[in-house]
Each structure stands twice: as C-alpha cells, then as structure tokens.
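Below: the structure, in structure tokens.
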Amino acid sequence: MKWKRWAAAGLALALVVTLTVVLVPRTDWWHCRFGGGLTEPDPLGFHTAGQLDIPDTYDAIVDELRAAGFGDLIGGVTDRGVGVVLDQDQILLTGSNEQPLEWPRFTGTWTVLEPESGESWSRRVTGARASVGFSGEFMMAGAIESDRLPLVTAYDRERGRVQSCSWLGDRDDVDGRMVAGVIEEGEYAGQQVVSHPTPDDSEGYALTRIDPASGDQHWTAETSLVDVKGVDVTGSVAIGGRFSEFDVGASGTANTFHMDAERVVSIEALDLASGELLWQWPEQIPTTPTIAAVLGTVPHDDAGDGLVLASVLEEHDAEHAERRIIALDAVTGEEVWSHDVAYAGNATLHNGLLVFNGGDDWKGLVALDARTGVLQWEESPGDDGPEFDASTAEALHDDSLLVLDSDRVPWALNLVTGDAERYDVEERRIGSVQLSESLAVVRVETPNESDVDPVTLVFARS
C-alpha cells in the first residue's frame, strides 16, 4: 500500500538525516558552548566560617585582621595553589586540580563566588597561559588551546552561562600569552582590548577590540611589540607595552639587561575607534638601548588629557645609565613631565599619586603627583627598616594604602605623609591582600617548618 511505502521511505530518509547529523564535524559554535574550557565543572571548595577548619596557627591572625577593620570572617579556601581575583562582591578562585599538561599549559578550575550569599559556579579550562578576569557584566577567559586558535570566552558573571566566543587569528600553531584591558567608560564601555600573538609570527603581537556581549571583533591591529605584558585604556586610547618591571635591572647598573633593535619600541598607543596606530615610544630607534616599563595610566579629566606613566632606563654605555619616571600624553605621545630617580621599581596609582619603590634607598617608597610629576614625599626606612613592595598595594581609604614588606608583613601607609604603621601579625606571613568596598581577601601563609597549608580567608569589611 502507498502509505506503507511512503512511511518506509520516510523512515529511511530520517535514518540518513540522523546519521548525517552525527557525522558533521564539531563547529566553532559547538566548541564554544561545549568543548575546550567548557568541560564539566569541578568546583574548588569554599567553606563558610562555620565550616572552615582553620588550624590553631591561624587563630591569632584572624583576630588581628578583624580588629584592624577587615570585618567578620565569612569563610575561606584551604586548597594549596589557589589564586584569587576580587571584583566588587564576587571573587574568582583559580586552581589546578590536575598536573599541568606541560608548562605553560594549564588544566584546572575557575570558580566565581559571592561569599556572602554562597552562590557560585565553576568552569574547567585547558589552555596555554590561561588568563581570566572580570569585565563589567562578564567574566572573561582567554586561552590558547593545544590544537586550536587563541580563544576569548565571555561568561555571564552571575550564572556562568557562555555569552560569546572570539577566535583570534587564522592559524592554530601560535604560542604566547593573552592579556586584556577593560574599557571602563565612554562609547565602548564594557568592551575589552585583548593582546594576543599574531598568527603568522609567534614572536609578534596584535591588539583586538572585542565586545563580550556579542563576541564581535571590531578591529585587529598588528603591533611592532615582540611581547606584551599588559594593556591599559585611557580615554579614547589603548596602550600596549611591557607592564612588568623586570626589564629594568634592580642593581641600578646598565649592564643587567641588553636589548636588540627589535625590542626597543616598547609602548604603542592605538585609537579605540579604529585601531589606528597613534604613536609609539620611543618614536625612533635610539642609538643607545632604551628600556621602558609601563607603570599605569592617568585617565582623561578636567585637568587634561590622559597620561601614560613609564619607568625608563636609558643605557649610555656598559657602566652608565639614566633612570627616569616619565609621563607621556596618551593622545600624542609627547613627554609631559620627567622625574629623575636613582631607582624605580614596582608602582601603584591611587588617588592622584604614583607610589613606587625607588629613591636613593631602593627599599623605600616615593610618591609623585601623577599629573605634574612633583615630588610629594620620600620615605626611606634605613638599613634596619622594612623593604616595601609597592606592587602589593591595595586601597584602604582615599588617603591610605595597605602594602606588604619583603617579610610579607602588612603596613598601613599614609598617602599624605608617607608614614607607615605596622600590623602586628607575629610570625604569620601574608601572601597577598585584595580589598574591595565590601570584601577583604587575604592569603595567609606560615613558616615552612610548621607543616600547615596556606589558607585564603575572606572577610566582610566593616
């Protein structure tokens, strides 16, 4: 009968269609939603204060930090090797649950947590030099997977749902790192400028502006930079350069680091709208090697255009070098001010001040007005004093910072006077401190001989 023949034919067609669907290769869309770093989550264990089994070794420091105004203990993580990123009332916990595939590749878990409500979500990631962070409404993740292109994934930061994916390049044999700067305000607020290796040359880097909500790539611009440690955004300008200070030798001598001609240009500025190169610094390859480490940017405001602050080492010969802190106009690249220093190390920008390790005493701290370069104060602790680490600085209040010394003891630094007051933490060591208006996340360590694992504690700031 006809209906039986039609039914049989329809069944055969359905089987063919079904088999065809099964055999279709996994697309980028599939990989974005279900593959790569989106495998089943394996949450890092966060315990509330009542659940957290804190060794007696930590009792004193919990009391000390609470008394210092860090507030009540909410909970913590006792897993070894956990990293923390704090943003507003959420924390991002990153850790390796398995042996790394091979350095610098990473296999582990990201957990985004609201400590006060206990709500959380997790994703597992595999990639090379994986980078993560918050960008407005999104949690952004960048990774270079073993057999695919550099990939940037945007997640809904509240629930962890994939919002978009962006593949950068057209080849799958690149290596390197990915870093990003967040556009905080203006027409492109909430978007990112991502640095990634160029597909046709593993030693080159490009910058791409990405909209996390859609995954759209508005432009990609290749740079002359052979390495990018960071990306910053001020006004309508994106700045790419070496943000790490390791390029500048701590000994103060010029022969601690040498560069070939290809590594001289170390700062480039691009127009946010088009990706067009606005300027590079140095403008021309100088006759003597020059090294610059970007320390931060001052945003555009009523006082003037944005500034790019950099630590500069100009090598004249093997034994003589000139060190300066300079400010470049973010729009033109022209030098706005310069301040000679004997040494310039890690730095932080807060409340209009650039505070950095430097001066004649490399252990001390120096503060400059970030707009004008005028010296505000210089604090040298002396031979027996602490060696401060400006890279650890966190804002306590508008006029004070929390900063760690080389023994990982926290100090409260008065930004008006430069005076520092030591916290009493006995023999405990603070691995790191991160502060927001509502939370304090403290990584606490103990001497190695104690056999007590480090713990990350979360406080509600009072």
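What the table shows:
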| read-out | value |
| --- | --- |
| Cα→Cβ-extended label distance, 7 Å offset, between Trp167 and Ser391, nm | 3.5 nm |
| Rough spin-label spacing in nm, given labels placed 7 Å along Cα→Cβ, for Arg461 and Asp398 | 1.4 nm |
| Compactness index (Cα Rg / 2.2 N^0.38 Å), region 334-439 | 1.06 |
| Using a Förster distance of 35 Å, the FRET efficiency for Ala189-Asp56 (Cβ separation, nearest 0.05) | 0.15 |
| Two-site label geometry, Ser274 and Trp377: point separation in nm, points 7 Å out along Cα→Cβ | 4.7 nm |
| R0 of 41 Å, Cβ-Cβ distance Glu64-Glu322: FRET efficiency to nearest 0.05 | 0.40 |
| Interchain or long-range residues, amide H under 5 Å from Gly296's placed H | Leu309 |
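Every number in this text was worked out from the coordinates using simple rules, so none of it is lab data. All of these numbers come straight from a predicted model, not from anything done at the bench. Cβ sites come from the backbone with ideal geometry, for glycine too, and all protein chains shown count toward neighbours.
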